[in-house]
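First, the structure itself, so that you have it in front of you.
The values are calculated or read from the model by the stated rules, or taken from the named source; none is laboratory data. Only a predicted model underlies this, so the values are computations on that prediction, with no experimental measurement involved. Cβ coordinates were reconstructed from backbone atoms using ideal geometry, including for glycine residues, and neighbour counts include every protein chain displayed. Heavy atoms of the whole protein, side chains included, go into the accessibility calculation; ligands, DNA and RNA do not. Shrake-Rupley method; radii C 1.70, N 1.55, O 1.52, S 1.80 Å.
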Amino acid sequence: MLPSLPLGILVAAGSPDAEGVTTEINLNRSGINTIDLPRENAQVECGGALRVRFRNRGAPIHITATTSNAGMFTDFFHENMYVIDEVVLGIPLRKECAPGFFDIEIIAGYGAMKATMRVEVMVRPSREEEQREKEPPIQPEAHGRPHLLMVAMAIGLILYCAWYYTKIEVLNLGAFIALIVGILYVWYRQI
């Protein structure tokens, strides 16, 4: 009879997020101490893990993996490995980081060969950021024409300035009416 496993363990074991992103690098495939990188850059999300699988196609080889510009993404800095057949190097990324990139330098044959692999770090937008994008803006958006309230305020200001210098009472009344019309228009337009 098979022992029963909790469902959470089975789900975590089969999900790709539990393993992280795997990139394969071939060693000694096209010659002695050669390093064959994948054609495309490795892409990893913040909080995930990059797994670099080194596959040796020839005699055992000593390699060094180094990152000099990855301090803001991961704590990984340097690793020496002796690859007989296959070795997997795990590089965990921090959960809180900005999008960007870093390079992993692979040195083989005690400095005889060197290759650099670029790792692009992506940030998945959180649910809160997605909801914020869908919410309507707090302030009205400009549509290329002036808002009627702004036009009414400009007319009211011009009429008030004209009344102030000429002391004609009709201009003061006109400024007051222009402001009231603008306010009422905005008030009843919201309903």
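If you check every pair at least six apart or on different chains, which have Cβ atoms under 9 Å apart with a residue in the stretch 60-83 that is in the same structural domain as MET113 (by the TED database) first and a residue that is of a type in the set (D, E, K, R) and in a loop (DSSP other than H, G, I, E, B) second?
Within 9 Å, the pairs are PRO60/ASP85; MET72/ARG94; PHE73/ARG94; THR74/ARG94; ASP75/ARG94.
Does the stretch 83-103 contain any residue that is under 17 Å from MET122 (Cβ atoms), open to solvent by less than 70 Å² (accessible area, probe 1.4 Å) and of a type in the set (Lys, Arg)? Break it down into steps so the answer makes sense when it comes.
Restricting attention to the stretch 83-103, the residues satisfying the condition of being under 17 Å from MET122 (Cβ atoms) are 91-103.
Retained after the next criterion (residues that are open to solvent by less than 70 Å² (accessible area, probe 1.4 Å)): 91, 93, 97-98, 100, 102-103.
Subset that is of a type in the set (Lys, Arg): none.
Checked the stretch 83-103: no residue is under 17 Å from MET122 (Cβ atoms), open to solvent by less than 70 Å² (accessible area, probe 1.4 Å) and of a type in the set (Lys, Arg).
Any idea which of (1) modelled with pLDDT of 80 or more; (2) exposed (fewer than 14 other Cβ atoms within 10 Å of the Cβ) is the one ILE138 doesn't satisfy?
Among (1) modelled with pLDDT of 80 or more; (2) exposed (fewer than 14 other Cβ atoms within 10 Å of the Cβ), the lone unmet condition for ILE138 is (1).
On to the next question. So which residues in the stretch 155-191 are outside any helix (DSSP H, G or I) and surrounded by 12 or more Cβ atoms within 10 Å (Cβ to Cβ), if there are any at all?
At the first step, the residues of the stretch 155-191 found to be outside any helix (DSSP H, G or I) are 167-168, 190-191.
Answer for the stretch 155-191, where residues must be outside any helix (DSSP H, G or I) and surrounded by 12 or more Cβ atoms within 10 Å (Cβ to Cβ): just ILE168.
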